[in-house]
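Here's the structure we're looking at; comments come further down.
The values are calculated or read from the model by the stated rules, or taken from the named source; none is laboratory data. What you see is a predicted model; the values in this text were computed from it and never measured. So basically every Cβ, Gly included, is an ideal-geometry build from the backbone, and we count neighbours across all protein chains shown. Areas reflect the complete protein model, heavy atoms only, side chains present, ligands, DNA and RNA absent. Shrake-Rupley method; radii C 1.70, N 1.55, O 1.52, S 1.80 Å.
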Amino acid sequence: QLLEALNAGDTSPVATALPIAAGIGALLLLHEGAHAAAAAARGVRIAPPVPVPSLQLGCFGCVTRVLDFPRSRAALYDVAASGPYVALAASLAVFVVGLSLSAGLPPPPAATDAAAAAAAASGIPTAALVGATPYPVVPSALLHSSLLLGSLADSVLPPLTPDSLAVQLHPAAVVGFTSALCNALQLLPVGRLDGGRIAAAVLGSGAASLTSSLFLLGLGLQSLFGGDDPALLFFGLLIIFFQREPELPCADDLTGVDTPRQAAAAAALAIALLIVAPSPLLG
């Protein structure tokens, strides 16, 4: 759809996509900036972040290597948690604001409704950003691909059902949705993801390694049997090839983290799972 519009000389999809790309980029910079600030404060050296592109989400986030042994598990926790905690909170706020700005928008034109149906079948939401409307048009099934984000959408937007093929959203809602999903994936306790580092800090390296294997297995089963979700499949492949190894051990690997950090880690993981889990209304 995008290429067809550009070949026909219609540059409106670019104008629609630019603010979304800028918003996602800004939240990604916030994520990585929080990592850098925490690493500097805790004396942990980290490599420059390397963005990982995604056809489904635009970007899966960044791969940021830890270059030396953190002094303590608390230091590892602070560096790992700072990025996704800050960026996820900001993403959810942007999503709710975007939903509020979307509540008064009319239904999309029939042409973009059909495009959204094709996008839902392909699993690539950006395919629906074409049509006679200045606002992004996304499949309603995309909103319901997340239990938490779909529930928030249902509470703010006019009633959505699986029979509604598409919905117009303010760009802020698309930015918040995409960034929240990316940060939720990063919080999964697997390998060298932020969530894997948090798990190593909270549980210790041995328990974190077992947890990582179980979650990676669950992610694979969800991507294969839990519905047609190419984003989860490609993210799982990314972990297997680049991020599944455990993090460097801490210099003091015996002293755990305090109770507030443990509680924050449990709450963040619960929120991440609610975002990654599909809504019962899907399919």
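Probe radius 1.4 Å, ligands and nucleic acids left out: which of SER72, SER209 has the largest accessible area, and how do the rest follow?
Listed by decreasing accessible area, they come as SER209, SER72.
Around PRO189, under 15 Å between beta carbons, what's the net of Lys plus Arg minus Asp minus Glu among the other residues?
My count for the surroundings of PRO189 gives +2.
Between ALA37 and LEU214, what length comes free when the chain is fully extended (0.36 nm per residue of separation minus the Cα-Cα distance, one decimal in nm)?
Details: separation 177, 0.36 × 177 = 63.72 nm, distance 3.14 nm.
Answer, rounded to one decimal: 60.6 nm.
Taking a ≥ b ≥ c as the square roots of the Cα gyration tensor eigenvalues, with a/c under 1.5 meaning rounded and otherwise prolate when a/b beats b/c, else oblate, which class fits region 26-89? Don't skip to the end; give the middle numbers.
Details: a/c = 2.45, a/b = 1.74, b/c = 1.40.
Since a/c reaches 1.5 and a/b is larger than b/c, the shape of region 26-89 is classed as prolate.
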